[in-house]
Amino acid sequence: MARIERMLKIDVHTHILPKDIPKFKDRFGYGGFITLDHYQPCFAHMVRDDGKQFRDIEENCWGAGQRIDDMDSSGIGVQVLSTVPVMFSYWAKPAHGLEVSKFLNDHIADIVTEFPLRFAGLGTVPLQSTELAITELERCKEIGLAGVQIGTNVNQLNLSESRFFDFFSACEELGMAVFVHPWEMMGEQDMQKYWLPWLVGMPAEVSRAICSLIFSRHAGTLCQN
C-alpha cells in the first residue's frame with residue numbers, strides 16, 4: 001500500500017543538469033554561459049564563465065541514482081525533469097542557443113529513457129528564434145519529452161508578443177505541455193535584502209507572464225484552438 005501511495009505522488013517542478021557542461025564560451029567565442037566546478041566529490045559550484053558564482057549544487061542535481069534515492073525517502077514516485085532556468089540562454093545567438101538546448105534536452109531524454117517509470121522530461125528551446133524553437137520542439141517530441149519549459153519573458157519580450165504565436169500553436173498541435181518558469185527577478189537590483197528577489201521578484205515575473213497572456217488579443221485564439 002505504501003508503494004502504491006508513493007507511486008501516485010508526482011513532483012512536476014524539479015531541475016537537473018548534466019554532470020559535465022561544455023565550455024560554450026570557448027566554442028562560441030563569447031561568454032555568459034554556465035559551467036560546473038566540481039570542487040569536491042558530490043558537490044559543485046555553478047559558475048558563469050566570467051568567474052561569478054551562481055549557485056552551489058549537490059550530486060542530486062546531476063545524478064539520477066542519487067535523485068531516485070531522495071525521491072524514495074520523500075515518498076515521490078515520479079519527477080518531471082527540466083533544466084535550471086539560467087541555462088535558457090535566450091540572449092545567445094540563435095544557432096548557439098539551439099546547440100545548448102540540444103545538449104540539455106538529450107541529457108534529460110537519456111535519463112527518461114533509462115528510468116521511464118520514475119521520470120518524465122521537459123525540454124528547453126531557443127525562443128530567441130521562433131523557427132528554431134519549433135524545430136527543437138518537434139525534436140523534443142521525437143526523443144520522448146513530454147513538453148517544454150520556457151521563461152516568463154524572452155529578452156524582455158512578453159509571451160503575448162505575436163512572434164511567439166506560432167510556437168504556442170505548434171505546442172498545441174504536437175500535444176506538448178508548456179511549463180512557464182520565472183527565470184529573472186523583476187526589480188532584483190532594488191531589493192537585495194531578505195531574499196526579496198525570490199519572494200517578490202520571481203512571483204512578479206510569473207504575474208507578468210500570466211497577465212500578458214490573459215490580456216493579449218491572442219489569448220482568446222489560444223483558447224479556441
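The values are calculated or read from the model by the stated rules, or taken from the named source; none is laboratory data. Note that this is a predicted model, so its numbers are computed, not measured. A quick note on method: Cβ atoms are made from the backbone with ideal geometry, for glycine too, and the neighbour counts reach across all protein chains shown.
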query: Does the range 133-144 contain any residue that is farther than 15 Å from Leu174 by Cβ, charged (D, E, K, R), out of contact with any Leu (no Cβ under 8 Å at 6 or more places or on another chain) and modelled with pLDDT of 95 or more?
result: no
message: I'm trying to understand the selection: among the residues of the range 115-130, which are touching a strand residue (DSSP E or B) at 6+ places or on another chain (Cβ under 9 Å) and more than 14 Å from Phe88 (Cα to Cα)?
response: Leu117, Arg118, Phe119, Ala120, Gly121
- line: The strands (runs of 3 or more DSSP E) lying entirely within the range 24-135 that contain at least 1 residues which are in contact with a Ser or Thr (Cβ under 7 Å, 6 or more places away or on another chain) and crowded, with 21+ Cβ neighbours inside 10 Å are 78-82, 119-123
query: Quick check: anything in the range 137-153 out of contact with any Cys (no Cβ under 8 Å at 6 or more places or on another chain), outside any strand (DSSP E or B) and β-branched (Val, Ile, Thr)?
result: yes
query: Which one is nearest to Gly147 (Cα to Cα), of the residues in the range 178-197 that are exposed (fewer than 15 other Cβ atoms within 10 Å of the Cβ) and either under 19 Å from the mean Cα position of the chain (by Cα) or among the polar types (S, T, N, Q) (or both)?
result: Phe179
- line: Within the range 136-155, restricting to residues that are within 16 Å of Lys93 (Cα to Cα) and of a type outside the set (D, E, K, R), the one that is surrounded by the most Cβ atoms within 10 Å (Cβ to Cβ) is Val154
- request: State yes or no: is Trp183 within 30 Å of Gly65 (Cβ to Cβ), part of a helix (DSSP H, G or I) and at pLDDT below 95?
  value: no
